Amino acid sequence: MTLVNFILILGNTLILVTGQFLWKYGMENQTLSFSLLSILKVIFSPFVFSGLAMYGIATILWLYILSKVPLSVAYPFQSIAYILAVFGAHFVFNETITFQKVLGCLLIMAGVSIIGLSPNSNT
């Protein structure tokens, strides 16, 4: 995988994580019920709508990435989002980082590294 492709995947992942953070922030003072009015109110609230827009942008970028990088390489690299979310949530939402979360992040990094170093991943 080229450096440019890695940067594109990392950028896509950052956009997705940002979208998740916008959703989380937007939902902190919302109550979602299963009525159409409630759903529309939540969807069109500024932070949730911005998160949806981020996901739209990420999807367009992802389609481009898939035209350049094998799915079996690109998709595992997106698992970096889990690591960014764990540590980002600690700093942004004051969520606790536990030993299990750190261990899980280390295992994700190990798995992505193994995939990235596999012989056919440079396509």
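Since every read-out is calculated from the coordinates, none of them should be taken as a lab result. Keep in mind the model is a prediction, meaning the values are calculated, not measured. Cβ placement follows ideal geometry from the backbone for every residue including glycine, while neighbour counts extend to all protein chains displayed.
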Item to check | Contour minus Cα-Cα distance for Leu103 and Lys41 (0.36 nm per residue) | outcome: 18.5 nm
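Output the peptides 18-30, 96-108, 76-88 sorted from most to least packed, where packing is the average of other Cβ atoms within 10 Å over each peptide's residues.
Numbers: 18-30: 16.2, 96-108: 12.1, 76-88: 17.8.
Order by mean packing, descending: 76-88, 18-30, 96-108.
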Checklist entry - With each pseudo-label sitting 7 Å past Cα toward Cβ, what's the Leu117-Ser50 distance in nm, one decimal? => result 4.0 nm
Checklist entry - If you stretched the chain out fully between Phe91 and Met27, how much longer would it get, using 0.36 nm times the residue separation minus the C-alpha to C-alpha distance? => result 21.3 nm
Checklist entry - Which ³J(HN,Hα) values, rounded to whole Hz and listed in residue order, are derived for segment 26-37 from phi using the Karplus coefficients 6.51, -1.76 and 1.60 in 6.51 cos²θ - 1.76 cosθ + 1.60 with θ = phi - 60°, glycine and proline given as x? => result x, 8, 4, 10, 10, 10, 9, 10, 8, 9, 4, 4
Next on the checklist: Show me, for segment 56-65, the HN-Hα J-couplings you get by feeding each phi into the Karplus relation (A = 6.51, B = -1.76, C = 1.60, θ = phi - 60°), rounded to Hz, glycine and proline as x.
Outcome noted: x, 4, 4, 5, 5, 5, 4, 4, 5, 4
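Which shape class applies to segment 1-57: rounded if a/c is under 1.5, otherwise prolate when a/b exceeds b/c and oblate if not, where a ≥ b ≥ c are the square roots of the Cα gyration tensor eigenvalues?
Details: a/c = 4.11, a/b = 3.08, b/c = 1.33.
In terms of gyration-tensor shape, prolate.
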Checklist entry - Points 7 angstrom from Cα along the Cβ direction at Ser72 and Thr2: gap in nanometres? => result 2.2 nm
Item to check | ³J(HN,Hα) computed for each position of segment 44-54 - Karplus, 6.51 cos²θ - 1.76 cosθ + 1.60, integer Hz, glycine/proline x | outcome: 8, 6, x, 6, 5, 4, 5, x, 4, 5, 4
